[in-house]
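Below is one structure, written out as structure tokens, with a few remarks after it.
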Amino acid sequence: MSLYFRIAEKHNIIDKPNERSSHDYITIRGGGVVFWLAGALYTVIGTFNKTPLQYPFIAGLTMISAVGFIDDIKSLPNKIRIIIHFLSISFVFYGLNLYTVLPWYFIPAVYVFFVGILNAFNFMDGINGMTGLYSLSILVSLQYINCKIISFTNTDFILFAILACIVFLFFNCRKRAKCFMGDVGSMAISFWTVTLLLQLMLATHSVAWIVFLAVYGVDTILTIIHRLMLKENIFEAHRKHLYQILANELKIPQLVISVVYALLQSIITVGFFLFYEYQYIYPVSIIILLSIIYIVIKKKSFHPHKDLSNVYGTH
């Protein structure tokens, strides 16, 4: 990471604040490259535990990290990014033998669903500590399941991701961050997380584990719906996510928001363990509850007579 900071400073790979930013200082961008490095190290060091997924995973991780890093330096067209996202997840699907496990008519929906998760992580990566802490809470939960409930993957596969999160958070989880994750990081850690969740779902024959992404999912989907209602271009940058409202309009410290998001997801995960016999009722109930909380906070976060564009920031 220290070496990357020198490279980033030399080549001006930085994030400059603008009217849509949640920070007001120049910061190194692309610190999430540590997640690709962790994946590469796992591939090399973990060769004694070869699995059919190992090389397809690093191939997909490399593709999605590369396009994310390029996008951090120079903005890429949405079409190119989406194509690479689909190709990258295809490697994982191949490594998990998903094309033969699932009926062919389910495959398109699975592609759209999981590529959506990849982009949700990217949308939610906007304040210090957010994606790092949230990902860490998911990874620790997955490691607990893998060690105590059902073994669905190599423990080192999760451990390397956890270590990468800790290293990144050391530089990012501060009032004044040393670096930001960038697209390279948000796409890499979401790709890793999606891969682990797919492994768990296939091992348990249950999709209920998607509740591990409930907090991010509700914020992302309801924000998209909100923007569509306002007839906005959902592919343009904005400040309408709930966490952005909390940070920019209500002036709640960024680290407090990040900790609350991660802690809330952890509580939901623990609840899922406790009420596993209601594995489908529980996720639906949680999503409904989070949606109500989201709507209530958003309605109270601005004066009803104010124009929404003035409250949330203009494009």
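The values are calculated or read from the model by the stated rules, or taken from the named source; none is laboratory data. It should be emphasised that the depicted structure is a prediction, and the values quoted were computed from it without experimental measurement. For neighbour counting, all protein chains shown are included, and Cβ atoms are generated from backbone atoms with ideal geometry for every residue, glycine included.
Taking the listed residues Asp219, Asp183, the one that is touching an Asp or Glu at 6+ places or on another chain (Cβ under 7 Å) and part of a helix (DSSP H, G or I) is Asp183, with no other qualifying.
Within the set Lys300, Lys251, the sole residue that is over 15 Å from Val218 (Cβ atoms) and modelled with pLDDT of 85 or more turns out to be Lys251. Whenever a residue of the range 153-173 is of a type in the set (D, E, K, R), its partners that are in a helix (DSSP H, G or I), lying with C-beta atoms within less than 9 angstrom and at least six residues away or across chains, give the pairs Asp156/Tyr42; Asp156/Ile45; Asp156/Gly46; Asp156/Asn49. All of Ser190, Ser141, Ser151, Ser135 fail the test of being hydroxyl-bearing (Ser, Thr, Tyr), at pLDDT 95 or above and surrounded by fewer than 22 Cβ atoms within 10 Å (Cβ to Cβ), apart from Ser141. Would you confirm whether or not the range 113-132 contains a residue that is more than 12 Å from the chain's Cα centre (by Cα), of a type in the set (Ser, Thr, Tyr) and over 26 Å from Pro52 (Cβ atoms)? No. Would you mention how many residues in the range 161-180 are farther than 27 Å from Tyr99 by Cα and assigned to a helix (DSSP H, G or I)? Of the residues in the range 161-180, 11 are farther than 27 Å from Tyr99 by Cα and assigned to a helix (DSSP H, G or I). Of all residues in the range 1-43, exactly one satisfies the criterion of being at pLDDT below 90, basic (Lys, Arg) and in a helix (DSSP H, G or I), namely Lys10.
Criterion first (farther than 16 Å from Tyr282 by Cβ and among the small types (Gly, Ala, Ser)) does Ala203 satisfy it? Yes: the conditions hold for Ala203.
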